[in-house]
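Here the structure is laid out as structure tokens; the discussion comes afterwards.
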Amino acid sequence: MTTSAQTVVAPARARTATATATLRRKQGFQHGGWFVAPFLLLFVLFVIWPLLRGVYLSFTDANISGEGASFVGLDNYREALNDSAMWDALGHSAYFTLLVVPCITVLAFLLAMLAHNIERGKWLWRLCFFVPFLLPSTVAANMFQWLFTQGIGLINETFGLTTPWLTDKSYAMLAIVIETLWWTVGFSFLLYLAALQGIPDHLYEAAKLDGANAWHRMVHITLPMLRNITGLVIALQILASLQLFDQAVVMMDFSPGPELSTRSFVQYTLEQGFTSYRVGYASAMSIIFFVIIAVVALARMWLLRNREEGGR
């Protein structure tokens with residue numbers, strides 16, 4: 001009888017516990033939903049709705065006034081894919097990305113190692129490396145525009161150069177890259193520094209006892225432990241660099257640069273929308289760029305997942 005009673009009571013208790021847990025989850029979702037609602041409202045208002053609106057406009061010949069738009073189907077996309085100027089602008093953005101991402105990744109790591117291992121004045125080094133990132137993009141761009149100006153620029157005057165940084169297409173993009181490195185390396189530096197501080201000291205102590213020198217400790221302990229942060233830094237820098245706009249526009253005095261050599265994809269899109277007043281065509285270009293960014297992000301996630309699965 002006791003066994004039979006236990007057999008009956010146990011499933012009943014299990015059902016009661018399951019029902020209670022389900023009720024608590026529902027109550028938690030209801031209460032938590034009120035906290036999430038403001039964010040969701042802003043997200044829908046400023047992200048989802050503009051995206052959907054942009055998709056709609058990309059199928060029309062809408063102008064900047066928003067009046068008299070008619071449906072044109074895929075005409076904007078066909079024109080964009082055959083627009084050599086668009087591909088040139090995309091090439092400039094890709095070239096800028098290829099220059100900036102490796103340099104920022106390596107430089108941020110070296111600066112973080114320096115700030116982490118230096119004995120005196122750690123706070124000062126960390127402050128100096130990170131402060132430029134706090135400057136508005138226009139301030140940093142204006143500073144370097146003056147530094148690179150031929151004849152009066154501090155860089156040419158200091159090193160005795162006559163390089164036409166901002167007026168020659170061979171140097172214009174390089175000047176923007178240098179400004180971007182100085183301005184944005186602080187963010188990646190901070191990520192690396194936080195990751196370095198999270199590496200357990202006993203790993204280095206055990207390696208020292210085994211006779212590992214500084215180089216071996218960095219190669220076999222530091223770099224593997226920073227692998228995820230390095231992937232994050234690279235992904236964030238790729239996405240940010242592809243959206244080059246502020247520094248290129250300000251340093252080139254709101255022009256596309258010498259012989260259009262610094263006109264980025266974003267700048268060309270804005271020119272089509274707000275200079276040529278072709279909002280529908282600019283919307284189609286924006287959707288194409290959105291797809292490119294999404295593909296890059298998904299490719300990074302796929303590579304990271306495969307690497308993690310391969311390491312198991």
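The values are calculated or read from the model by the stated rules, or taken from the named source; none is laboratory data. Since this is a predicted model, take the numbers as computed values, not measurements. When we count neighbours, we look across all protein chains shown, and the Cβ atoms used for this are built from the backbone with ideal geometry, even at glycine. Accessible surface is based on the protein model in full, side chains and every heavy atom, while ligands, DNA and RNA are left aside. Shrake-Rupley method; radii C 1.70, N 1.55, O 1.52, S 1.80 Å.
Relative protection proxy for 59-72, 99-112, 272-285, from highest mean packing down: 272-285, 99-112, 59-72 (other beta-carbon atoms within 10 angstrom). Projecting the Cα positions of VAL279, TRP49, LEU174 onto the charge dipole of the chain (unit charges on Cβ atoms of Lys, Arg, Asp and Glu, taken about the Cα centre) puts TRP49 furthest along the positive direction. Packing around the peptides 214-221, 248-255, 45-52, taken as the average count of other Cβ atoms within 10 Å per residue, puts them in this order, highest first: 248-255, 214-221, 45-52. Taking a quarter of the surface of the Cα convex hull of the chain, what do you get in nm²? With every direction weighted equally, the projected area is 28.6 nm². One equal scatterer on each Cα of region 191-231, no solvent, Debye formula: the resulting log10 I(q)/I(0) at q = 0.15, 0.26 Å⁻¹ is -0.34, -0.88. Think of a 1.4 Å ball rolled over the protein heavy atoms: region 168-246 then has 52 Å² of accessible area per residue. For region 235-312, list log₁₀ I(q)/I(0) at each q in 0.14, 0.23 Å⁻¹, using the Debye formula over Cα point scatterers of equal strength and ignoring solvent, two decimals each. Computed log10 I(q)/I(0) values: -0.58, -1.07.
Sequence-distant contacts, meaning Cα pairs under 8 Å at least 6 residues apart, place the relative contact order of region 178-312 at 18 percent. When you work out D = kT/(6 pi eta Rh) for region 143-214 at 10 °C and 1.306 mPa s, using the Kirkwood radius from C-alpha pairs as Rh and the Stokes-Einstein form, the result is 102 µm²/s.
On the chain, 68 percent of the accessible area sits on carbon and sulfur atoms, based on a 1.4 Å probe.
The H on the amide N of THR60, modeled in the peptide plane, is under 5 Å from the matching H of VAL72, each at least 5 residues off or on a different chain. Please give the net charge around LEU190, taking every other residue with its beta carbon less than 15 angstrom from that of LEU190, where Lys and Arg add +1 and Asp and Glu add -1. For residues surrounding LEU190, the net value is +2. Evaluated over the Cα positions of region 93-262, the convex hull gives a direction-averaged projected area, one quarter of its surface, of 11.3 nm².
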